[in-house]
C-alpha cells in the first residue's frame, strides 16, 4: 500500500522524537502510537501533525508529556488476581526455599504496582522468618519512562490503582488518604531503574521475570529481541510471566516449558 501524507508526516515526527529524545517509534505498533499522539494533539488543540511537530520546537516540555503518553503502561496492584494466586501458591514457594539469593525483575514496571505487589507477596511469605531471608531477595523494576520511575519511588497511589487489591492487604500495607501511601518495609524491598529494554541489557540474572502487557505495544522484531534478552537473563528453572493476551515468540519456545497456559506462565529449561 503506498504511503499517505499522514504516513510521511508521522514518520518524520517519530524520526524527530528519536533524534531529540531517543524514543524509537519504529519498534512499536504504529496504530497504537498514532492514537497516543492524537491524545496530546487534542490536549493542545491541534489537528495537524505538522503543527504538532512545530509545537515541539517551540515548547520542548511537550516532549515530556508526549513520551509519558507514548510509554504509559496502565497497571494496578494485583491486576488479574488469578495470575497472582499462581505466583503466590506455585512459584514463590519453590523460589524462596532455595537458600540462595533470589532476584525478581518487573520489566516495564510503570508506576511500580506490579513490583510492589510482588514484594507484598514475598513479605507475606517470609516476613515472619529471619530477616536474612528477606535480605536475600532483590526485586528490581525497570521502565523506559522516568516519570513512571519517579511515581514508583514515591509509592503513592490513587484509589483506582488499588481496586483489585484484597481488603486485608490494603489495611496492612497502605496508609489511606487522597493518595494511598505504601508503607515500609515494602517500599524498601524494591529498586527502580530507568532502563530502555530495547537499548540495554539489565546486567543481572533473574529467577523470576514479570513482563505483563508490555510486549503488545512492540512490533514482532522488537518482541523477538526482548525475548532473546529474557532467555539470556533468566536462570535455568526460573519463571517468566506474561500478560494474558501475550504469547511466547516461536523462536524461543524451545527454551521454556509451560507452567500455566491460561495465565501465560513459563519456566526456563
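Side notes on the structure shown:
- Residue 253 meets each of the listed conditions (1) surrounded by 13 or more Cβ atoms within 10 Å (Cβ to Cβ); (2) closer than 25 Å to residue 94 by Cα; (3) touching a residue at least 12 places away in the same chain (Cβ under 8 Å) apart from (3).
- Lone qualifier among 57, 7 - being over 30 Å from residue 127 (Cα atoms) and at pLDDT 95 or above: 57
- Among the residues of the stretch 22-39, none qualifies, meaning not one is part of a helix (DSSP H, G or I) and modelled with pLDDT of 95 or more.
- Reported count of residues in the stretch 199-215, each being surrounded by 15 or more Cβ atoms within 10 Å (Cβ to Cβ) and assigned to a loop (DSSP other than H, G, I, E, B), is 4.
- Where strands (runs of 3 or more DSSP E) fall entirely within the stretch 79-195, those with at least 2 residues that are loosely packed, with under 15 Cβ neighbours inside 10 Å are at 190-194.
- Count of residues meeting criterion [in contact with a strand residue (DSSP E or B) (Cβ under 9 Å, 6 or more places away or on another chain) and either touching a residue at least 60 places away in the same chain (Cβ under 8 Å) or within 17 Å of residue 189 (Cα to Cα) (or both)] in the stretch 151-178: 12
- Selection status of residue 220, surrounded by fewer than 20 Cβ atoms within 10 Å (Cβ to Cβ) and touching a helix residue (DSSP H, G or I) at 6+ places or on another chain (Cβ under 9 Å): no
- Conditions (1) under 27 Å from residue 245 (Cα atoms); (2) surrounded by fewer than 17 Cβ atoms within 10 Å (Cβ to Cβ); (3) touching a residue at least 12 places away in the same chain (Cβ under 8 Å): number failed by residue 62: (1)
- Pairs, first over 15 Å from residue 14 (Cβ atoms) in the stretch 33-55, second part of a loop (DSSP other than H, G, I, E, B), C-beta under 9 Å, six or more apart: 44/59; 51/44; 54/48; 55/44; 55/46
- Sole residue being surrounded by fewer than 19 Cβ atoms within 10 Å (Cβ to Cβ), more than 14 Å from the chain's Cα centre (by Cα), in the same structural domain as residue 137 (by TED's automatic domain parsing) and under 22 Å from residue 102 (Cβ atoms), chosen from 225, 262, 235: 235
- Odd one out for residue 95 among (1) under 21 Å from residue 233 (Cβ atoms); (2) in contact with a helix residue (DSSP H, G or I) (Cβ under 7 Å, 6 or more places away or on another chain); (3) modelled with pLDDT of 90 or more: (2)
The values are calculated or read from the model by the stated rules, or taken from the named source; none is laboratory data. Here the structure is a predicted model, which means the values were calculated and not measured. As a convention, Cβ positions derive from the backbone with ideal geometry for all residues, glycine included, and neighbour counts pool all protein chains shown.
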